[in-house]
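The values are calculated or read from the model by the stated rules, or taken from the named source; none is laboratory data. Computed from a prediction, not measured in an experiment: that's the story for all the values here. Backbone-built Cβ (ideal geometry, glycine too); neighbour counts: all protein chains shown. The area values use the complete protein model at the heavy-atom level, side chains included, leaving out ligands, DNA and RNA. Shrake-Rupley method; radii C 1.70, N 1.55, O 1.52, S 1.80 Å.
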Amino acid sequence: MKVKVVTKILEANDRIALENRKLFDGAGIYVINLMSGPGAGKTSVLEKTLNLASGLKIGVIEGDIAGSDDAERIERCGAPVVQINTGGACHLDANMIYEVLSELPLRDLDLLFIENVGNLVCPAEFKVGENIKVMVLSIAEGHDKPLKYPLMFQESSALILNKIDLAPYLDVDMEKIRRDALSLNPKLKIFEVSCKTGVGLPEWIDWLKKQTLKR
Amino acid sequence: MHELSIAQNIIEIISEQCVRSGYSRIESVNLRIGRASGIMSDALLFAFDAIKTESVAADALLCIEEVPVSGRCSECNSDFAVEEEYILSCPHCGGNSFRMTAGREMDIIDMEVS
Ligand SMILES: Nc1nc2c(ncn2[C@@H]2O[C@H](COP(=O)(O)OP(=O)(O)OP(=O)(O)O)[C@@H](O)[C@H]2O)c(=O)[nH]1
Ligand SMILES: [Mg+2]
Ligand SMILES: [Zn+2]
Ligand SMILES: [Zn+2]
């Protein structure tokens, strides 16, 4: 006997993501899913953002396979933070987010960052209820990354090209990163920054404030 | 990368629907997986076989139809498919304004039950 199913495999996740989104909308928070490969600088970008974006009340959910180092770094910046350990899973899913929402003062926040597990492949596939996705790529990862991992570039609204202080020591073609990323996603907003020297961060903060407040 | 969690989702969906339709055994399942979905067929088959035991899908055969990445060009109006997991420009006119029309699928189509 043949039975029609016709269901998206991630339907259950998408449904919970929608619930999360309703909770976020109800609390009036803008939510950003922050993604990158391991060590590109997600937590560093968050630390800088927390210091520079005065006027915005920001909370953070930290997703890591194990450990609480990242949450401790955020805590030191004085922001409310919750650590999720995925226990091996290579991405955060909507249910993991749903389960920790009660631990955050949602109504007091303007903006919530969800730092995803360091992985260039799958965080882009699992919605968690975010308004937008932002990705960080460190230039040390090489200029072949947009074409090797197209999905994340296609799904993101902004790309933070980090560690540009390292450019003199690398043979990396930043123009190629820009060109390929924009071919994959012509609407992508690109910020060239260094969390070490601080260059480029003001432009990112300006954009972030506009995004958060325009809604 | 996370084919195991995908396989878990599939087993939950098909088991629930099999039982709800009044059957007790799934013989085969047909999926459509886009080449740009990030899912590797071999890894998914392996994960599915590893966890299907103990469910109504214990003997189920997974059949995967891979869907190539396709697009439609808004400059020359052609429909095309590419080998890659992405489209950078229209293969016919080289234009840059196109829309991806297929390749991101992760769908369960139907199944054979008894
Ligand atoms: N030179 C340089 N180093 C940086 C910069 N940004 C971050 N780093 C360093 O890169 C390393 C990784 O940074 P993190 O912010 O922990 O990266 P992450 O993406 O949060 O890492 P995971 O959460 O483990 O995936 C740290 O040693 C940072 O000090 C930068 O702009 N320039
Ligand atoms: Mg981190
Ligand atoms: Zn994953
Ligand atoms: Zn064309």
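Condition first: within 12 Å of chain A (Cβ to nearest Cβ), surrounded by fewer than 17 Cβ atoms within 10 Å (Cβ to Cβ) and more than 20 Å from the chain's Cα centre (by Cα). Now tell me which residues in region B:75-93 satisfy that.
If we filter region B:75-93 for residues that are within 12 Å of chain A (Cβ to nearest Cβ), which is where we start, we get B:82, B:84-90.
Now drop any that are not surrounded by fewer than 17 Cβ atoms within 10 Å (Cβ to Cβ), which leaves B:84, B:89.
Once the filter is applied, which keeps residues that are within 12 Å of chain A (Cβ to nearest Cβ), surrounded by fewer than 17 Cβ atoms within 10 Å (Cβ to Cβ) and more than 20 Å from the chain's Cα centre (by Cα), region B:75-93 yields only B:S89.
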* Taking A:G41, is it on the phi > 0 side of the Ramachandran plot, within 15 Å of ligand 1 (Cβ to nearest atom) and not aliphatic (A, V, I, L, M)? -> yes
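Could you pull out the residue among A:L92, A:L104, A:L184, A:L151 that is away from ligand 1 (no atom under 16 Å from the Cβ) and under 22 Å from A:E19 (Cα atoms)?
Details: A:L92 fails: away from ligand 1 (no atom under 16 Å from the Cβ); A:L184 fails: under 22 Å from A:E19 (Cα atoms); A:L151 fails: under 22 Å from A:E19 (Cα atoms).
Only one candidate passes the filter, namely A:L104.
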* Asked: Could you give every pair whose Cβ atoms fall below 9 Å, whose first residue belongs to region A:62-73 and is within 14 Å of chain B (Cβ to nearest Cβ), and whose second residue is near ligand 2 (Cβ under 9 Å from one of its atoms) and charged (D, E, K, R), counting only separations of at least 6 or pairs across chains?
  -> A:G63/A:D70; A:G63/A:E115
* Return yes or no: is A:N116 within 13 Å of ligand 1 (Cβ to nearest atom), at pLDDT 95 or above, more than 14 Å from A:N185 (Cα to Cα) and of a type outside the set (A, V, I, L, M)? => yes
* From B:I11, B:I39, B:I33, grab the single residue that is in a helix (DSSP H, G or I) and under 27 Å from A:V117 (Cα atoms). => B:I11
* Only residues that are open to solvent by 10 Å² or more (accessible area, probe 1.4 Å) and in a strand (DSSP E or B): list them for region A:26-75, please. => A:Y30, A:I58, A:D64
* Might you check whether a residue that is touching a residue at least 24 places away in the same chain (Cβ under 8 Å), away from chain B (no Cβ under 14 Å), open to solvent by 20 Å² or more (accessible area, probe 1.4 Å) and not aliphatic (A, V, I, L, M) occurs anywhere in region A:91-105? => yes
